[in-house]
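> I have a structure I would like to understand better, so I am pasting it below and will then ask my questions one at a time.
No lab work stands behind these numbers, since they all come straight from the coordinates. The shown structure was predicted, so the numbers you read here are calculated from the model rather than taken from an experiment. A quick note on method: Cβ atoms are made from the backbone with ideal geometry, for glycine too, and the neighbour counts reach across all protein chains shown.
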Amino acid sequence: MTDADARRFAPATDRNREPILAVLRELLPEPGLVLEVASGTGQHAAFFARHLPHLTWQPSDRDAESLPSIAAWRADAALPNVHAPVVLDAAAETWPIARADAVFNANMIHISPWAACLGLLRGAARVLAPGGRLVLYGPYKLGGEHTAPSNAAFDASLRARDPAWGVRDLDDVRAEAERAGFTFERRVAMPANNQIVVFSRRG
């Protein structure tokens, strides 16, 4: 099997990558290491590293079966600023990466138990220096309400698959982030009823 054969493809990743990139350009202007938690197929890592050459991208995933796809996208991109993927469980009390200048996570919080969200917040607080940004992307309820009927249907389908999953209320995520040591910075409305949520590590 060639590296290219190992690449998995998520159509939604191709659809959302350009709008996310536009926001990341603004949020992450300085050189540094970005830890991506839950890299999935690896498409984001390869794409963002190509278009943000001042940043070094560290992909990771809890699912060891995802690592060959991430590695294959990395090999295909052949970029010097993408590290080899590592196994990282967001809910774990220790992570294999000790420090990062920013942490990026897309589409994990709603497709995992709430403990994974809490672990992500605690872990990001451990690896980020004061002022470091945690950037989250995905669907959220705002003020307890879904932002669109399609998000409500998506939430119901997630909970039918696993009662521990579901679209989270941003107020709940924000409260837990503040407990973990973050300050809410901004929310950016994105296409397809998604959001980018930005927190900065308090000093």
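> Could you check segment 47-81 and list, in sequence order, the residues that are among the small types (G, A, S) and more than 14 Å from the chain's Cα centre (by Cα)?
Hits for segment 47-81 are A49, A64, S66, S69, A71, A72, A75, A77, A78.
> Next question, about the same structure. Report those strands (runs of 3 or more DSSP E) wholly inside segment 116-203 carrying at least 2 residues which are surrounded by fewer than 15 Cβ atoms within 10 Å (Cβ to Cβ) and in contact (Cβ under 8 Å) with a residue 12 or more places away in the chain.
On the way: elements: 128-138, 182-190, 194-201.
Filter on segment 116-203 gives 128-138, 182-190.
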